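Engineer: Take a look at the following structure, please.
The values are calculated or read from the model by the stated rules, or taken from the named source; none is laboratory data. This is a predicted model, so every value here is computed, not measured. When we count neighbours, we look across all protein chains shown, and the Cβ atoms used for this are built from the backbone with ideal geometry, even at glycine.
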Ligand SMILES: Nc1ncnc2c1ncn2[C@@H]1O[C@H](COP(=O)(O)OP(=O)(O)OP(=O)(O)O)[C@@H](O)[C@H]1O
Ligand SMILES: [Mg+2]
């Protein structure tokens, strides 16, 4: 009952196996109980996954036996239980551990862990005393092995389910990203058409208009690629002292043309007292740029739209704030709930829904926080808080 209780629990696989080997050794009155599993990456090896009583227990995850080698390897290969009063007298015996502990153990009982027609590993019991195993003990060991197999099957089904959901999510999101790129490419085609006809007719204004369209589109693809790379798993930010005001001023210059084209005023209110902050320049730049791009996106053309990027030093709170303020329509409550979810966008083909997720992640890497305040028809303020403490590593 104790074992089936562990099997049905919601603990981590490793913890469940550990609980089973402890209970198994106690009930079987053995000196050790161990679970060896076939390695995912190197299936010719059996790796120790849970163990009680073995001096190697503190080294779980080490390779135990080759498939077919030693008594556990033989059990796995032949899909058969082996019960011996003294394993040293058996030709299949191979040493696992060179410590004194290993030398003390004589009686061996090992039984395969069967998942349908496959052998996933071996469950072993060992006793110091040279002693035959009773029929009941062998049956009971096989029963415990069945329980372990159920746990393993449950865990692998769960993994498959998570993987399937992940793949489905990637497929959906890739199609969103592809649509977005297609959209940007269409703008680029339009831009290059203007450039071409402008050049042909010597119409510099037309060519310039096309060129600007092309540049904006290149910027969009660049931002998308950078966001995707940041979101990829292995990214880590490198914190160094950074003049955040200077970085923001440079970013404003970069965004200015697209804001201007929409008739939106972009202003900076930078706090001169801001010290250098521990930050990753490229990452923080992308994080704020995502917020500014969102603000510019949400404002209607030529209706007095304004975006302000503001910095503040707050010594009392020990933080520096970067605020991105817009006077747009605000964010509806149902959007607020979902907007930090990866790939959530209300812009259809005009967005990928990566921006805020990336910003959130970057700020977390900076040991900072991201919050927002939004009211209908008045606008939205996104606030990044970063620690002022500049000697942080
Ligand atoms: N300042 C804002 N005002 C109103 N709505 C906003 C604002 N910022 C974000 N949103 C909402 O949050 C959604 C998610 O934003 P996010 O930046 O993650 O994705 P996106 O802008 O749609 O696409 P991407 O940034 O990847 O091109 C937006 O689609 C928009 O509906
Ligand atoms: Mg965005």
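Engineer: In the set 155, 149, which member is within 32 Å of the chain's Cα centre (by Cα), surrounded by 15 or more Cβ atoms within 10 Å (Cβ to Cβ) and modelled with pLDDT under 90?
Structural biologist: 155
Engineer: Here's a follow-up. Only one of 309, 319 is under 19 Å from residue 331 (Cβ atoms) and touching a residue at least 40 places away in the same chain (Cβ under 8 Å). Can you tell me which?
Structural biologist: Details: 319 fails: under 19 Å from residue 331 (Cβ atoms).
None of the others qualify; the one that does is 309.
Engineer: If you don't mind, there's one more thing I want to ask. Looking at the stretch 347-363, is at least one residue part of a loop (DSSP other than H, G, I, E, B) and either modelled with pLDDT of 95 or more or more than 9 Å from ligand 1 (Cβ to nearest atom) (or both)?
Structural biologist: Scanning the stretch 347-363, I find no residue that is part of a loop (DSSP other than H, G, I, E, B) and either modelled with pLDDT of 95 or more or more than 9 Å from ligand 1 (Cβ to nearest atom) (or both), so the answer is no.
Engineer: Now for a separate question. More than 15 Å from ligand 2 (Cβ to nearest atom) and either under 29 Å from residue 172 (Cα atoms) or touching a strand residue (DSSP E or B) at 6+ places or on another chain (Cβ under 9 Å) (or both): does that describe residue 327?
Structural biologist: On the way: more than 15 Å from ligand 2 (Cβ to nearest atom): yes; either under 29 Å from residue 172 (Cα atoms) or touching a strand residue (DSSP E or B) at 6+ places or on another chain (Cβ under 9 Å) (or both): yes.
When the stated conditions are applied, residue 327 passes them.
Engineer: Output the residues belonging to the stretch 101-126 that are in a strand (DSSP E or B), under 33 Å from the mean Cα position of the chain (by Cα) and farther than 15 Å from residue 64 by Cβ.
Structural biologist: Matches in the stretch 101-126: 114, 115, 118.
So that you can scan it fast, the table gives a plain yes or no per residue for (1) touching a strand residue (DSSP E or B) at 6+ places or on another chain (Cβ under 9 Å); (2) in a loop (DSSP other than H, G, I, E, B); (3) farther than 30 Å from residue 158 by Cα:
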position	(1), (2), (3)
3	no, no, no
10	no, yes, no
17	yes, no, no
24	yes, no, no
27	no, no, no
33	yes, no, no
41	no, yes, no
88	no, no, yes
91	no, yes, yes
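Engineer: While we're here: Collect the residues in the stretch 293-311 that are crowded, with 22+ Cβ neighbours inside 10 Å and part of a helix (DSSP H, G or I), keeping them in residue-number order. So that I can check it myself, show each step before the final result.
Structural biologist: Initial filter on the stretch 293-311 (crowded, with 22+ Cβ neighbours inside 10 Å): 294-295, 299, 307, 309.
If the condition is that a residue be crowded, with 22+ Cβ neighbours inside 10 Å and part of a helix (DSSP H, G or I), then 294, 295 are the ones that fit.
Engineer: Is it true that residue 122 is in the same structural domain as residue 6 (by TED's automatic domain parsing), more than 21 Å from residue 48 (Cβ to Cβ) and modelled with pLDDT of 95 or more?
Structural biologist: It is false that residue 122 is in the same structural domain as residue 6 (by TED's automatic domain parsing), more than 21 Å from residue 48 (Cβ to Cβ) and modelled with pLDDT of 95 or more.
Engineer: Keeping to the stretch 340-388, report how many residues are over 14 Å from residue 231 (Cβ atoms) and surrounded by 13 or more Cβ atoms within 10 Å (Cβ to Cβ).
Structural biologist: Residues flagged as over 14 Å from residue 231 (Cβ atoms) and surrounded by 13 or more Cβ atoms within 10 Å (Cβ to Cβ) within the stretch 340-388 amount to 25.
Engineer: Listed residues 284, 266, 229, 242; which is outside the structural domain of residue 368 (by TED's automatic domain parsing) and either exposed (fewer than 15 other Cβ atoms within 10 Å of the Cβ) or at pLDDT 95 or above (or both)?
Structural biologist: Only one candidate passes the filter, namely 229.
Engineer: Separate question: Would you mind finding the one in 345, 359 that is within 19 Å of the chain's Cα centre (by Cα) and within 12 Å of ligand 2 (Cβ to nearest atom)?
Structural biologist: Values: 345 fails: within 19 Å of the chain's Cα centre (by Cα).
Within the list 345, 359, the selection yields 359.
Engineer: Given (1) within 13 Å of ligand 1 (Cβ to nearest atom); (2) without any contact (Cβ under 8 Å) to a residue 40 or more places away in the chain, where does residue 327 come up short, assuming only one miss?
Structural biologist: So the condition that residue 327 fails would be (2).
Engineer: Right, another one. In the set 224, 229, 289, which member is without any contact (Cβ under 8 Å) to a residue 12 or more places away in the chain, over 23 Å from residue 208 (Cβ atoms) and within 16 Å of ligand 1 (Cβ to nearest atom)?
Structural biologist: The unique qualifying residue is 229.
Engineer: Filter the stretch 255-283 for residues that are within 16 Å of ligand 1 (Cβ to nearest atom) and in contact with a helix residue (DSSP H, G or I) (Cβ under 8 Å, 6 or more places away or on another chain) and give the result.
Structural biologist: 255, 258, 259, 262, 264, 265, 266, 283
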